[in-house]
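Chemist: Take a look at the following structure, please.
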Amino acid sequence: MSISGPDVQPSTEATLLPRLVEEIERQIESAVELRERLHRIAEPSNAEHETARMLGDALAPREIVPLDGAGFFTRLGDPGEPAVVVRAELDALPIVEQTGAPFAADKGYMHACGHDTHMAALTAVVHACKQLEHILPAPLVALFQPSEEAYPSGAKVIADRISDLGPIGAIVAAHVHPDVPWQSVAADEGTVNACVDNVAISVTGRAGHAAYPHQARDPVVALSQIVVNLQQIVSRRVDPMRSVAVTISRLRAGDTENVIASGAEASGTIRTLDPEDRATVVELVKAITQHVAQACGCEATVTVTEGEPAVVNDALLARHVRHALVRTGFSLPAPMRSCGSDDFGFYGQLVPSMLVFVGLAGSPGWQGVPLHHPSFLPPADAVLGVAKTQAAAYVGAAAALGREVWE
């Protein structure tokens, strides 16, 4: 969905952004402290109740409007005017933390994707915008969304009831990323994150004694060959100029060493950057799995659970947001497109949307680990970087909606 409106070409520096950044900087010390508290209490998808309570306290005295589960939003500005929504995510991942930070989580979940940084930054943006509410170019909705990392998707649930947020003109979000340089933000139009589907494979063979494999039909051998052959989808069945990832991340079979099990299971994800490849790759996974299993004397079933759609950034939003980011002091790196996924794509099916990636590579003390790693920990300075990015995305989106924000 695209915005139709005037093609504003700002020629001089906006006065709103410097004032907004100045207000954010006044809020940042408490936001960094909040980030540490949020990090320590990391909670799983669809159970982020203490996280939501802590954020509600930090946003006081702003009115909090509950959504499904732990989600909520707060709104600034005219309730009858189309707002710019800025999203942050509440949930953590089922990972045992290994950062060694004094505020590390210790209950088997951790913010290994930067959601603690996103949430804390957005609280600073809300307080800053409140100070300038009388000159905001468009209403601001700060959306704190549950369950980005797991199903049922928080974005899907909220998108199905998007009218609960009031009138909306655009939705934006910022996400830290270790592959983007520090002090830069990737803000590109078009597809930036892939479609994703979860795949579960079940292979049924015939159990037997490990000493007499000829009397059994070994599902482990069949499943092993299936996993290897699935990699040919990427290397031999898809145009190499198109981005696809088929990843099997979990295997399970048997209970003891000297028994050939009767069944084996695997699960993983199918990711396609071009939405038109989605159905083709799913059918290839099913066909390869069933044919390889049959060749091994086994049977197989494939269950595919449809996940997030691709994240497609609106072209006009991108143009204005990029301008605002440069005016805020960020550089624009080479285009960033990833087979990562984000349920933010559900919003883009309803309203013009923009997801940008805030750089971590080269930041102070950065360990160089990927997202979802047990040692993933953005530096404290990333809270300010994300907050400034969220503010720039809000102002840029307001400009794209035709609001007068450039002077």
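Chemist: If the requirement is being at pLDDT 95 or above and in contact with a helix residue (DSSP H, G or I) (Cβ under 8 Å, 6 or more places away or on another chain), which of these qualifies: 363, 375?
Modeler: 363
Chemist: Go through (1) under 28 Å from residue 317 (Cα atoms); (2) over 21 Å from the mean Cα position of the chain (by Cα); (3) surrounded by 15 or more Cβ atoms within 10 Å (Cβ to Cβ) one by one and return the number of the condition residue 81 breaks.
Modeler: Going through (1) under 28 Å from residue 317 (Cα atoms); (2) over 21 Å from the mean Cα position of the chain (by Cα); (3) surrounded by 15 or more Cβ atoms within 10 Å (Cβ to Cβ) one by one, residue 81 breaks only (3).
Chemist: Let me ask something else. Among the helices (runs of 4 or more DSSP H) contained in the range 250-357, which hold 2 or more residues that are touching a residue at least 24 places away in the same chain (Cβ under 8 Å), under 30 Å from residue 153 (Cα atoms) and small (Gly, Ala, Ser)?
Modeler: Of the helices (runs of 4 or more DSSP H) lying wholly inside the range 250-357, those with at least 2 residues that are touching a residue at least 24 places away in the same chain (Cβ under 8 Å), under 30 Å from residue 153 (Cα atoms) and small (Gly, Ala, Ser) span 315-328, 345-348.
Chemist: On to the next question. Take residue 197 and tell me if it is acidic (Asp, Glu) and either surrounded by 20 or more Cβ atoms within 10 Å (Cβ to Cβ) or under 27 Å from residue 112 (Cα atoms) (or both).
Modeler: Taking the combined requirement at face value, the residue satisfies it.
Chemist: Please specify each residue of the range 54-72 satisfying the condition of being over 16 Å from residue 115 (Cβ atoms) and either modelled with pLDDT of 95 or more or of a type in the set (A, V, I, L, M, F, W, C) (or both).
Modeler: Within the range 54-72, 56, 57, 59, 60, 64, 65, 66, 67 qualify.
Every residue, every condition in (1) touching a Pro at 6+ places or on another chain (Cβ under 7 Å); (2) surrounded by 24 or more Cβ atoms within 10 Å (Cβ to Cβ); (3) basic (Lys, Arg), yes or no:
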{"site": "85", "(1), (2), (3)": "no, yes, no"}
{"site": "100", "(1), (2), (3)": "no, no, no"}
{"site": "103", "(1), (2), (3)": "no, no, no"}
{"site": "107", "(1), (2), (3)": "no, no, yes"}
{"site": "111", "(1), (2), (3)": "no, yes, no"}
{"site": "120", "(1), (2), (3)": "no, yes, no"}
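Chemist: Another question about this same structure. Could you list all residues from the range 294-307 that are small (Gly, Ala, Ser) and either at pLDDT 95 or above or surrounded by fewer than 19 Cβ atoms within 10 Å (Cβ to Cβ) (or both)?
Modeler: 295, 297, 300
Chemist: Another question, then. Only one residue in 342, 314 is touching a helix residue (DSSP H, G or I) at 6+ places or on another chain (Cβ under 9 Å), farther than 23 Å from residue 95 by Cβ and acidic (Asp, Glu), so which one is that?
Modeler: 314
Chemist: Which of the residues spanning the range 213-230 are in contact with a strand residue (DSSP E or B) (Cβ under 7 Å, 6 or more places away or on another chain) and part of a helix (DSSP H, G or I)?
Modeler: Once the filter is applied, which keeps residues that are in contact with a strand residue (DSSP E or B) (Cβ under 7 Å, 6 or more places away or on another chain) and part of a helix (DSSP H, G or I), the range 213-230 yields 213, 215, 219, 220, 222, 223, 226, 227, 230.
Chemist: Restricting to the range 173-210, name every residue that is assigned to a loop (DSSP other than H, G, I, E, B) and under 29 Å from residue 249 (Cα atoms).
Modeler: Result: 194, 205, 207, 210.
Chemist: Of the residues in the range 249-287, how many are of a type in the set (S, T, N, Q) and crowded, with 20+ Cβ neighbours inside 10 Å?
Modeler: Of the residues in that region, 1 qualify.
Chemist: What number goes with the only condition from (1) buried (at least 20 other Cβ atoms within 10 Å of the Cβ); (2) touching a helix residue (DSSP H, G or I) at 6+ places or on another chain (Cβ under 8 Å) that residue 52 does not pass?
Modeler: (2)
Chemist: Moving on to the next point. Go over the candidates 228, 244, 203 one by one and state the one that is of a type in the set (Val, Ile, Thr), touching a residue at least 40 places away in the same chain (Cβ under 8 Å), out of contact with any Gly (no Cβ under 6 Å at 6 or more places or on another chain) and over 25 Å from residue 150 (Cβ atoms).
Modeler: Result of the check over 228, 244, 203: 203.
Chemist: Do you know which of the residues in the range 308-366 that are within 18 Å of the chain's Cα centre (by Cα) and of a type in the set (Phe, Trp, Tyr) is surrounded by the most Cβ atoms within 10 Å (Cβ to Cβ)?
Modeler: That would be 347.
Chemist: Same structure again: Just to be sure, is residue 206 in the same structural domain as residue 298 (by TED's automatic domain parsing) and at pLDDT below 95?
Modeler: no
The values are calculated or read from the model by the stated rules, or taken from the named source; none is laboratory data. All figures in this text were calculated on a predicted structure; none of them were measured in a lab. Here the Cβ is made from the backbone with ideal geometry for all residues, glycine too, and neighbour counts use every protein chain on show.
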